[in-house]
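Trainee: Have a look at this one.
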Amino acid sequence: MRIYIFKSESRRELRAFAGHISGDKLPKNHGPWTVTGVIGADKAPPHNLSREAIEEAIEGEGFQLWRLQKKEKKEKVGPSV
């Protein structure tokens with residue numbers, strides 16, 4: 001199964017996987033959605049996400065949502081006085 005990766009244009013951190021490039025089963029309330037990539041049948045999903053879980057969600061619901069984690073702010077360290 002090819003898995004298409006989408007990003008939400010209304011919620012910056014929200015992403016989704018879907019089984020069709022149209023993304024027609026993605027939730028409208030978080031759209032519009034933009035395709036950002038595709039995962040071939042022999043490739044692993046990004047961020048060590050489970051391909052099996054993604055495929056199960058797509059078969060059952062038509063999509064799977066996921067969220068990018070916010071990057072931690074780095075503490076600024078100044079010179080010692």
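Trainee: Project the alpha carbons of the range 30-70 onto their principal axes and report the range along each, largest first, in whole Å.
Mentor: 28, 24, 18
Trainee: Assign unit charges at the C-beta atoms only (+1 for Lys and Arg, -1 for Asp and Glu), then state the dipole size of the range 3-67 relative to its Cα centre in Debye, rounded to the nearest 20.
Mentor: 360
Trainee: If you line up the long axis of helix 51-61 against the longest principal axis of the chain, both from Cα atoms, how many degrees apart are they, to the nearest 10?
Mentor: Compared with the principal axis, the helix lies near 60 degrees.
Trainee: Full-extension gain between K70 and D42, please, as 0.36 nm times their residue separation minus the C-alpha to C-alpha distance.
Mentor: 7.2 nm
Trainee: So, one more: For n ≥ 4 DSSP H runs only, could you compute -39500 (n - 2.57) per run for the chain, divide by its residues and tell me the 222 nm figure to the nearest 500?
Mentor: That calculation yields -4000 deg cm²/dmol at 222 nm.
Trainee: Find the percent of Cα-Cα distances in the chain that exceed 18 Å, and round it to a whole number.
Mentor: Tail of P(r) above 18 Å: 44 percent of Cα pairs.
Every number in this text was worked out from the coordinates using simple rules, so none of it is lab data. All figures in this text were calculated on a predicted structure; none of them were measured in a lab. A quick note on method: Cβ atoms are made from the backbone with ideal geometry, for glycine too, and the neighbour counts reach across all protein chains shown.
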